[in-house]
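Chemist: Below are the structure tokens for one structure; questions will follow.
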Amino acid sequence: MRNECNIIRDILPLYAEDMVSPDTVSYVEEHLKSCEACRREYEQAKEPGRAEGKRDAVPLLKLRKKMAAKKIQTILLTAVFVAALLVSAFAVLDAPVYLPYSEGLVTAEPVGDGGLCIIFDEEVTEFDYALYPDPEGGSFYYCEVQAWTSLWDKWFSDKDGKLSAIVFPKEPFPIKGVYLPNDGNENICFYGDADYEGGIVLPRLSLGYYLFLAVAALVALAIAWLAVKKKAELRVCVERIGLYPIAYIIGHCIVSGFRTASYSLPRDFFLIVFLSLLLYSGLLLAYGIWRLKKELKESAPPYIRSSR
Ligand SMILES: [Zn+2]
């Protein structure tokens, strides 16, 4: 049993500091039950001052600090992960589902002195409009309308009845109501002049460029990483920076799927940036925890190394 006692006494200071794994705890406790000498040694180690005096307390203290940091970072990581999950769910549920034009989806009737009341069908849960004078100088106004719904609205909306809006032009000109289907089909004039020339709203492509930039940055950083692989500090720096393009790419996939064209660019871009920042802080935390774990493994005495 002599050999076992030696092992137990090596672990005792860590055991007294509550810094060993549950397996080691039960191993030590089992031994203490049956070994009087080690029990006495343990009682002494527990007394404040003694243990520190006997052993070099500094590495132990450092170890303890690192373990505390690991704990805090793990809690933060969980919080960030939950937040990212909520934002992702919101991004998916709130994504606009533009409605193709159909008879009666949107109608209009004149109100008051030159105003127009625009009325949407019940399936429309959100809409947007823009009223502006004819850019070619004609004596009329355009009122461009988009209408959409979302998974959230379909499942949880308690809106009753039809949505509507009333618009008034600044000058006493007639209004042409134009519906933008946002699906690659031609715009439709649902009110006013029949000789509407039409047009198509094209999706905006900026998200594709940003995604391309993120991938290019990732590739550049991967090359930089290979170049500085052997210089520990630079490598860590490159790895930390490299996590952002990764976070951005994941954010893009969650918000826009694999599409790069968008009919709701400001919304999508804002959500991607917001989500990517959350994910980035999560990845940084995970990276920090991983590094701490590695350091702890390297600085811990050999007998607790295997149990971690
Ligand atoms: Zn013993």
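Chemist: Please list, ordered by residue number, the strands (runs of 3 or more DSSP E) wholly in the stretch 102-204 having 3 or more residues that are over 28 Å from S262 (Cβ atoms).
Modeler: Ranges flagged: 106-111, 115-120.
Chemist: Next up: In the stretch 119-140, which residues are on the phi > 0 side of the Ramachandran plot and among the hydroxyl-bearing types (S, T, Y)?
Modeler: Just the residues of the stretch 119-140 that are on the phi > 0 side of the Ramachandran plot, to begin with: 137.
Result: no residue meets the conditions.
Chemist: Could you please find all residues in the stretch 25-38 being surrounded by 13 or more Cβ atoms within 10 Å (Cβ to Cβ) and within 15 Å of the ligand (Cβ to nearest atom)?
Modeler: Listed by number, the residues that qualify are Y27, V28, H31, L32, C35, C38.
Chemist: For the stretch 1-30, which positions are over 28 Å from K293 (Cα atoms), in contact (Cβ under 8 Å) with a residue 12 or more places away in the chain and not in a loop (DSSP other than H, G, I, E, B)? Quick ask: steps written out before the conclusion?
Modeler: As a first pass, look at the stretch 1-30 and keep what is over 28 Å from K293 (Cα atoms): 1-3, 5.
From what's left, in contact (Cβ under 8 Å) with a residue 12 or more places away in the chain: 1, 5.
Scanning the stretch 1-30 gives a single hit, C5.
Chemist: Given the conditions (1) of a type outside the set (A, V, I, L, M, F, W, C); (2) in contact with a Phe, Trp or Tyr (Cβ under 7 Å, 6 or more places away or on another chain); (3) not assigned by TED's automatic domain parsing to the domain that holds F173, report the number of the one that G198 does not fulfil.
Modeler: Every listed condition holds for G198 apart from (2).
Chemist: Can you find even one residue in the stretch 287-295 that is at pLDDT 95 or above and β-branched (V, I, T)?
Modeler: no
Chemist: As an exercise: evaluate I75 against (1) loosely packed, with under 13 Cβ neighbours inside 10 Å; (2) in a loop (DSSP other than H, G, I, E, B); (3) modelled with pLDDT of 90 or more and give the number of the one condition it does not meet.
Modeler: Here I75 meets the rest and fails (2).
Chemist: Separate question: Scan the stretch 235-264 and report the pairs whose first residue is free of Cβ contacts under 8 Å to residues at least 24 places away in the same chain and farther than 16 Å from L207 by Cα and whose second residue is in a helix (DSSP H, G or I) and among the small types (G, A, S), with Cβ atoms within less than 7 Å and a gap of 6+ or a chain change.
Modeler: Listed pairs, sorted by first residue: V238/A224.
Chemist: Answer yes or no: is there a residue in the stretch 278-293 that is surrounded by 17 or more Cβ atoms within 10 Å (Cβ to Cβ), farther than 26 Å from F81 by Cβ and not β-branched (V, I, T).
Modeler: no
Chemist: Further question: Name every residue in the stretch 51-67 that is exposed (fewer than 14 other Cβ atoms within 10 Å of the Cβ), among the charged types (D, E, K, R) and at pLDDT 55 or above, in order of residue number.
Modeler: D56, K62, K65
The values are calculated or read from the model by the stated rules, or taken from the named source; none is laboratory data. Please read these numbers as outputs of a predicted model, since none were measured by experiment. A quick note on method: Cβ atoms are made from the backbone with ideal geometry, for glycine too, and the neighbour counts reach across all protein chains shown.
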